[in-house]
Amino acid sequence: MMPEMIYLDNAATSWPKPDCVSEAMTDAIRRCGGNPGRGGHRLALAAGELLYEVRERTAEFFGADDPFRVSFTSNITMAVNLVLNGFLNPGDHVLVSPMEHNAVMRPLTAMGISYDILPGDRNGKVLLSEIQRKIRENTRLIIICHESNVSGIVQPIRKIGQIARENNIFLLTDCAQSAGHIPIHINTDNIDFLCFTGHKGLFGPTGTGGVVFGDRVDIGRIRPLVRGGTGSLSESFDQPDFLPDRFESGTQNICGLAGLNAGLKWIEDQGQEKLTQRCRMLMDQLRSGLELVPGIHLYSGEGQVLSITIDGLDNGTAAAELEERWGIMTRIGLHCAPLAHKTLGTFPNGTIRFAVSPFTTQKDIEICTEGCKTLAEESWKKK
Amino acid sequence: MEKEMILLVHTSGHAFNIEKALKKRGIQCRLTPIPRKVSSDCGICVRFDPQNLQAVESFVQTLPFEIQGIISEDEA
């Protein structure tokens, strides 16, 4: 018999979602069944109103004054691609953190954009003192993975953004993991392109995400990634140059965004600080339970993600054992972030990753700690 | 029934933004499809009572985005 399920793969996608998320999605399908921005009948208006509400809530959540500077995409990868393809030109140079995800590295490589990796400490945290000397005359963008999806290390984006501004360079932050975990304010944190996903720390469903554009960004100079119908300027073959239509062609994911709206509201109602504190407490419990175990190596930052390796044990075998014997669901491998694993010295085998959520219990962490300890002991005995 | 004023926007999101803000200021308004004579857009416009024209016009000045214009129903 399989043991009870313990979900510690929240860095891949959060689970469970608060009940209000699925309820809002059901309600959206039933009540907001029209196409937002197309037509003026009551179902279309209900969908449009919902779309506006989630846009406004998202803007407020990230401290943006203008809700129309939020552009929704189907996920953060598409958001990052929108910015990289739309903002960068041949000949531009980019600086990236040593913990970047392939959502950044693959588009940069495919576009032939030259980049340098910012020097970091052994945990991959960017060394602020090293940034200036890496800046070239043609450096146009700094890209920072705010909270690593491998180790949870959190980058000092506000200070990096300050340096970027002093050098007239733009800052893109990949907030896939950090949004919902760490308060992010687009202006105070000196961000120009705030890319986020809806289905992790914001508790929305998969298929939601977007970009929030900072005030410095000249929207007219960002090329859209997708062009098509917007319900506006319909007589013209040209893409509108105003927001949000410039980057939101095609029918929006109303059902998904209804879920994101509910997720954001749930965070507001619970209090982000309270949720973060709970997760920190759980991560501290896990960290302190594992750090002194012989044969276990920790790759741990300050966030809600922690990676380990176990001496003499294949990660895939470890993950299978953890689930079969203790019900623990994890994610192993390179986590789509080979650069981060190279930085941490865990390439190419990768790590076993644990990520908590406010729904994780102390008992879950106790069982996880016990499971990892047992596997490390068994591996050591086999030697 | 008195003819309404029609506020035309570039994108439907602006209409929702304006509707919410006007109602917050106690100015009644409603969203309807755009009259075909005015625009080929598939979107919506904001209709309001002519007696609120001045209030709406001064409110529009405070918006961070541009509107297409305000016309009377006669013009449509």
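The values are calculated or read from the model by the stated rules, or taken from the named source; none is laboratory data. Just so you know, these numbers come straight off a predicted model, no measurement behind them. FYI the Cβ positions are ideal-geometry reconstructions off the backbone, even for glycines, and counts take in every protein chain you see. What goes into the accessible areas is simple: the full protein's heavy atoms, side chains included, and nothing from ligands, DNA or RNA. Shrake-Rupley method; radii C 1.70, N 1.55, O 1.52, S 1.80 Å.
Pick out which of A:R133, A:R353, A:R246 has the largest mean-square fluctuation in a Gaussian network model of chain A, springs linking Cα atoms closer than 10 Å.
Fluctuation is largest for A:R133.
Between helix A:102-111 and chain A, what is the angle of the helix's C-alpha long axis to the longest principal axis, kept within 0 to 90° and rounded to the nearest 10?
60 degrees
Whole number in Å², please: accessible area per residue of chain A, 1.4 Å probe, ligands, DNA and RNA not counted.
41 Å²
Can you list the HN-Hα couplings for region A:61-69, worked out from phi with the Karplus curve (6.51, -1.76, 1.60; θ = phi - 60°), rounded to whole Hz and with x for Gly and Pro?
Ordered by residue, 3J(HN,Hα) equals 4, 9, x, 7, 6, 10, x, 7, 8 Hz.
Based solely on its DSSP helices, what 222 nm [θ] is calculated for the protein assembly as shown when runs of n ≥ 4 H residues each add -39,500 (n - 2.57) and the sum is averaged over all residues, nearest 500 deg cm²/dmol?
Computed mean residue ellipticity for the protein assembly as shown: -11500 deg cm²/dmol.
Return, for the Cα atoms of region A:19-270, the radius of gyration and Dmax in Å, separated by a comma.
18.2, 58
Need one value: the accessible area of B:I44 in square angstrom, 1.4 angstrom probe, rounded to the nearest 10.
So the heavy atoms of B:I44 present about 10 Å² to solvent.
Using modelled backbone amide H atoms (1.01 Å from N, in-plane), which distant-in-sequence or interchain residues come within less than 5 Å of A:R331's amide H?
When sequence neighbours closer than 5 places are left aside, the close amide H contacts are A:R353.
Which angle between 0 and 90 degrees, to the nearest 10, do you get for helix A:76-87 versus the longest principal axis of chain A when only C-alpha atoms count?
50 degrees
Per 5 Å bin, what is the whole-percent P(r) computed from every C-alpha pair distance within region A:1-160?
Bins of 5 Å from zero give 2, 7, 11, 13, 16, 14, 12, 9, 8, 5, 2, 0, 0 percent of pairs.
How many Å² of accessible area per residue for chain B, probe 1.4 Å?
In whole numbers, chain B has 53 Å² accessible per residue.
Report the Cα-based extents of chain B along its three principal axes, largest first, to the nearest Å.
Projected onto the principal axes, the Cα atoms of chain B cover 29, 29, 17 Å.
Given H placed 1.01 Å from N in the peptide plane, which residues other than close sequence neighbours of A:E302 have an amide H under 5 Å from its amide H?
The list, which skips near neighbours in sequence, is A:I153, A:V154.
So which trypsin sites (Lys or Arg not before Pro) in region A:142-190 end up in coil per DSSP with only 15 or fewer other C-beta atoms within 10 Å?
none
How many nm separate the modelled label positions at A:Q162 and A:M281, each set 7 Å beyond the Cα in the direction of the Cβ?
3.3 nm
Work out from phi, with θ = phi - 60° and the Karplus expression 6.51 cos²θ - 1.76 cosθ + 1.60, the ³J(HN,Hα) of each residue of region A:197-205, listed in order in whole Hz, and give x for Gly and Pro.
Karplus values, whole Hz, x for Gly and Pro: 10, x, 9, 10, x, 9, 6, x, x.
Residue by residue, what Karplus-based ³J(HN,Hα) values in Hz, rounded to whole numbers, does region A:363-369 have, using 6.51, -1.76 and 1.60 with θ = phi - 60° and x for Gly and Pro?
Rounded to whole hertz, the list is 4, 4, 5, 4, 5, 4, 4.
Of A:I160, A:L108, A:G214, which is farthest on the positive side of the dipole of region A:19-270, counting Cα position, with +1 on Lys and Arg Cβ, -1 on Asp and Glu Cβ, and the Cα centre as origin?
A:L108
Per residue, what volume in Å³ does the Cα convex hull of the protein assembly as shown take up?
Once divided by residue count, the hull of the protein assembly as shown is 148 Å³.
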